[in-house]
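To start, the structure itself, in structure tokens.
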Amino acid sequence: MKLKKGSFVIAAWIMVMTLVLNGCGNGTNESASSGENGEKQVKLVFWNSGFATIDENNKSKKKEDFYISQAVERYQKLHPNVKIDVQDVPSGDELFAKFQTASIAKNGPDLTVLWSGSYMLRFKQFLEPMDQYFTKEERDRIVGWSATTEDFTNDGKAYGVPFGTDGTFLLAYNKQIFADAGIDPVAQRPKNFGEFVAMLEKVKSKKVTPLGLFKDSFLHVPNYWIAQTVDVPGLGTLVKGTTNFSDPKLVSIMKGWHELFDKDLVIAEDSVRQLFIQGQLGMTVGANSDISNFSKEMGDNVGFIKIPDFSEDVKIHDGGPGGVGAAFVVSNYSKHAKEAADFVKFLMSKEEQINKIKSGEARITVVNDVDVNEYVSDPLVKTMQEMANEPSTIFWPDNVYPAELTSEMMSLQSLVSSGKMTAEEFMKKIDQKRDELLKSSSK
Amino acid sequence: MKTAYIKWIRFLIFIVLAIIAVMSLYPLFYMAFSSMKPTIEYIKHPMGLPQTWYFDNFKALIYRFSLFRLFGNTLLYVGLSMVACLTISIPAAYAFAKLKFSFRNGFYIAMIATMTIPGVTFIIPNYLLMSKIGWTDHIVSVVVIWAVSAIPSTVFLLTSLMRGMPDEILEAIKMDGAKYYQTMTKMILPMSLPGVVTVSVFNATNWWNDLLTPLIYLQSDNLKTVTVAVATVLNRFSSDYPLLLSGLLLSSLPPIAIYIVFQSYIRKGLVVGAVK
Amino acid sequence: MSLKQERWVGLFSLLPAFLLLAIFVGYPMFNTFFHSFTKWDGVTSVFIGWDNFQSILTNGDLPLMLRNNLIFLLSVPGILLISLTVSVLLHEEVRGWRFFRSVYYLPAILSSVVIGFLAKSMFTNNGIVNTFLDKIGLGHFTVDWLNTVPTEFMILILCFYWQTLGQGTLIFLSGLSSISNELFDAAKIDGTSWRQKLFYIVIPSLYPAIFYFTIVNVIYVFVGLFGLVYSITGGGPGYETTPIDYMIYIQAFRSGNMGYASALSVFLFFIVMFITWIQLKISNRLEQ
């Protein structure tokens, strides 16, 4: 009788157990994937967050028509014993969380694409060093290794392979508005921050907001000014703590950042693309894809300049932030690291890079034995490739800083722009945070 | 005069409710309108009405994703989690509400206490656990995590509703010699149906929108849920917001449908009088 | 059923729930407690005693985060009041009330990404809110909503309300409909006023629902709000809108300080547990 009373509970319990056991049974089947026909079958899991699987301009493109599907197809034909399982994953924070969790359990992919620099180096303990797989020649034909090496030098120990380039981050301007204000930003390119401000003030006198920035533009504009002032090795010493952010030269950059907001020369919000296309903004920032969108919509009325130098005595003139923003990484717990690296090499080969450009999914490339101009006719793309290849393009400064330092900067910078924190205080806080990080990592 | 006054009041109530209704419908319309805009148009007029009938975003979703599979997966996981969660929670809630046993209050507090820990804390320990059992990349991981994480709040809601059930009727049916099972199916379930449906709606919508759990535990493309698939629309090199919004719109249709179907039960189940 | 049987049936009914909770909540909880005393990157952990807790208390972020949590906590009575009012109004069954009732739950179904998106585009400098203010001649009230802290909180709370109203009306309506019509009719005959009806019949019979709603949402603002914060303000400017649970996420998944994140979770757990315990005490007293 007791049993009967509890039978509902038992029934519930049994249901759960069947569910659980059922799950168990299926689960074990999947991992067994080797040992077929005598030859060793290798299955590579590739978490794809880099290759396009959506085409803004051709929405009826099928999944198998995208470059990565076809490249995998070609590779598998060449290597019948390798099967590559491409799993699309979100990028950014979501991928980091997923990669971190899975890697702790040594359960992650063989291969994936992570944001370069400190974003990927955070996971160093899970990444396979790539040097052993690339010969000197193989390495030399790819540019941008500094984004993947431990010490941000071109020949350091690399934990990833440059995936592609973001081009150079530029300022786009509305020709009409600038003509009305009587300025030609190309011919009268501002030589320093003071001239830049003067130019923006002229635009403002025409009752147009001169400059539109995104909420994260701090990482691209003032951070670039910091980078051009100290050069990339200088960024390295800032991170290592041998030099300080509270250097008066760098503090003056933060003062400039405040000045832009204080004089009402800039708005920072996520709708600036909209305002710019509608002709309500004199100038805005943009990477590759924004720039093509602008020129598509505004035609001849849009022009581009590089971000003006902060002062005349900077170390790198007429440059811009940009370069390799993402890198292939192979996990060090992967049982097929060698095969994964081979697949990366295949993707970086001359033929494949050409295929990629021909597919229209990449405009510019990181290998120096492919001339983009042979395959594309758009003059805009040509300009972008030329700019990307210029040595003055500085690899994204925020990718050099440890992620925590970047997030501290991002959190505090808006206090500077709104005047709640002085430039000196800000830089001191950043130094403090960096010292804290150094201390906790040496412990 | 009094009726005129009441009419006036009722009209006022209507106006207030209608305004709130507009606010509630607004996000849905926003998604629908945005999904019919090409990217540039969305950048230019994020708030306006679409200028043309443009369905390419939906086409892209259809070509790009195996929607049938994604929706099937998500429905399956949500359904299984719901069954698992309810079979475990209903008896527990009944015990907390109407049975007398030692440490009842202690257990009750302990159960509520488990709700007070932020879910992010559990991700890594639970993933390690799942990977030791070998359940990662398998539906059971998501179902178990979803079901278990919903148990405390489900029990909590059902207990507070069941406490309101009249003891006399329970005593009467006990006197008739009804067994636990009969009490459960003839009395408890029908009477708590509105609560069960309500809490299931809460759970189902939470699960459906949950990105982190399926994202972390599942890897294979053929196990993915809609929410995870939609999150892959944006990446570093593309910011096709209309496409994202179309995906979000599409993925929110099933939970809306589920809700509409279920909410009629909330009404029907309320007939407490029928028990008398 | 004798008392003795009842005891066993009772405990037996709890068994599956507690078994599962012990594995998938108890174990990670224990794990978190353990790691809160370590420096842990997910792979190796080094025991460092109370260091994590000490740095929580001393590194200066805590007062700010507590303030932010407090602001969110104080917003709960607001949504309680709104939900109650709306439910009572719906219960009047004016024209179209069924439709309204269905519609109110929609924002809860949509993911916080959509709500965040929408809120952001509504409140940009030239978004519809400012445009509207301009048009009705209140141009000088236009604000840079997304760049000042008080308005950011306002937007966050607005979105929280937006997504919670449906839940509230659902709960309270089902509570209301269990009040028998006779009771209402009796009140009518007695000539009780609308307000008396509300305070002597409606609210008392809704006590369990009100407590459920309050407790669940108080817990929610402590441990569940981070989706909205993530998609709307990202916790900034500074850490001005960062609640504790968002900080846990940042520490664990952006900075990789999982030991510190664990300590913060333990810390948060005790705060929320304490508040919930007080609420349960009050609810027990009121129910008696």
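The values are calculated or read from the model by the stated rules, or taken from the named source; none is laboratory data. Given the structure is predicted, the values throughout are model-derived calculations rather than measurements. Ideal geometry is used to build each Cβ from the backbone, glycine not excepted, and the neighbour counts take in all protein chains shown.
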Qualifying position, being more than 7 Å from every other protein chain (Cβ to nearest Cβ) and buried (at least 23 other Cβ atoms within 10 Å of the Cβ), among B:Phe103, B:Phe71, B:Phe65: B:Phe65
Helices (runs of 4 or more DSSP H) wholly inside the range C:1-68 containing at least 1 residues that are of a type in the set (A, V, I, L, M) and within 11 Å of chain B (Cβ to nearest Cβ): C:3-21, C:27-35
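Of A:Pro109, A:Pro80, which residue is in the same structural domain as A:Asp342 (by TED's automatic domain parsing), under 21 Å from B:Asn222 (Cα atoms) and in a loop (DSSP other than H, G, I, E, B)? Step through it out loud before you land on a result.
Numbers: A:Pro80 fails: under 21 Å from B:Asn222 (Cα atoms).
None of the other options fit; the residue is A:Pro109.
Per-residue answers, yes or no, for (1) among the small types (Gly, Ala, Ser); (2) without any contact (Cβ under 8 Å) to a residue 12 or more places away in the chain; (3) closer than 30 Å to C:Ile48 by Cα; (4) touching a Phe, Trp or Tyr at 6+ places or on another chain (Cβ under 9 Å):
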position: A:Val330; (1), (2), (3), (4): no, no, no, yes
position: A:Lys345; (1), (2), (3), (4): no, no, no, yes
position: A:Val366; (1), (2), (3), (4): no, no, no, yes
position: A:Asn399; (1), (2), (3), (4): no, no, no, yes
position: A:Leu405; (1), (2), (3), (4): no, no, yes, no
position: A:Leu412; (1), (2), (3), (4): no, no, yes, yes
position: A:Leu415; (1), (2), (3), (4): no, yes, no, yes
position: A:Gly419; (1), (2), (3), (4): yes, no, no, yes
position: A:Ser441; (1), (2), (3), (4): yes, yes, yes, no
Single match in A:Ser331, A:Ser377, A:Ser411, A:Ser392 (criterion: more than 21 Å from A:Thr243 (Cβ to Cβ) and modelled with pLDDT of 80 or more): A:Ser331
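Just checking, which of A:Phe276, A:Phe343 is surrounded by 18 or more Cβ atoms within 10 Å (Cβ to Cβ) and assigned by TED's automatic domain parsing to the domain that holds A:Ser103? Spell out the reasoning first.
Details: A:Phe276 fails: assigned by TED's automatic domain parsing to the domain that holds A:Ser103.
Only one candidate qualifies: A:Phe343.
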Checking C:Trp40 against (1) surrounded by fewer than 20 Cβ atoms within 10 Å (Cβ to Cβ); (2) touching a residue at least 12 places away in the same chain (Cβ under 8 Å), the condition it does not meet: (1)
Matching residues in the range B:43-70 - criterion: being hydrophobic (A, V, I, L, M, F, W, C) and either in contact with a strand residue (DSSP E or B) (Cβ under 8 Å, 6 or more places away or on another chain) or part of a loop (DSSP other than H, G, I, E, B) (or both): B:Met47, B:Leu49, B:Trp53, B:Phe55, B:Phe65
Some residue of the range A:285-303 being among the basic types (Lys, Arg) and modelled with pLDDT of 85 or more: no
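Is there a residue in the range B:120-130 that is touching a Cys at 6+ places or on another chain (Cβ under 6 Å), outside any loop (DSSP other than H, G, I, E, B) and either facing chain A (nearest Cβ under 9 Å) or under 18 Å from C:Asn31 (Cβ atoms) (or both)? Let's see the steps before the verdict.
Initial filter on the range B:120-130 (touching a Cys at 6+ places or on another chain (Cβ under 6 Å)): none.
Looking through the range B:120-130, none of the residues is touching a Cys at 6+ places or on another chain (Cβ under 6 Å), outside any loop (DSSP other than H, G, I, E, B) and either facing chain A (nearest Cβ under 9 Å) or under 18 Å from C:Asn31 (Cβ atoms) (or both).
Applying the selection to the range A:53-77, what residues are in a helix (DSSP H, G or I) and facing another protein chain (nearest Cβ under 7 Å)? Full working, then the answer.
Start the filter on the range A:53-77 by keeping residues that are in a helix (DSSP H, G or I), which leaves A:63-65, A:67-77.
If the condition is that a residue be in a helix (DSSP H, G or I) and facing another protein chain (nearest Cβ under 7 Å), then A:Lys63 is the only one that fits.
Taking the criterion of being under 30 Å from A:Phe196 (Cβ atoms) and touching a strand residue (DSSP E or B) at 6+ places or on another chain (Cβ under 7 Å), would at least one residue in the range A:86-108 satisfy it?
No, the range A:86-108 contains no residue that is under 30 Å from A:Phe196 (Cβ atoms) and touching a strand residue (DSSP E or B) at 6+ places or on another chain (Cβ under 7 Å).
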Selection count, the range C:216-263, where residues are within 12 Å of chain A (Cβ to nearest Cβ), without any contact (Cβ under 8 Å) to a residue 12 or more places away in the chain and not in a loop (DSSP other than H, G, I, E, B): 3
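Looking at this structure, is B:Thr116 crowded, with 24+ Cβ neighbours inside 10 Å, closer than 21 Å to C:Met247 by Cβ, more than 8 Å from chain A (Cβ to nearest Cβ) and without any contact (Cβ under 8 Å) to a residue 60 or more places away in the chain?
Details: crowded, with 24+ Cβ neighbours inside 10 Å: no; closer than 21 Å to C:Met247 by Cβ: yes; more than 8 Å from chain A (Cβ to nearest Cβ): yes; without any contact (Cβ under 8 Å) to a residue 60 or more places away in the chain: yes.
No; evaluated as a whole, the condition is false for this residue.
Hey, can you tell me all the residues within the range B:1-38 that are polar (S, T, N, Q) and surrounded by fewer than 19 Cβ atoms within 10 Å (Cβ to Cβ)? It would help to see each step written out before you state the result.
Initial filter on the range B:1-38 (polar (S, T, N, Q)): B:3, B:24, B:34-35.
Within the range B:1-38, just B:Thr3 meets the criteria.
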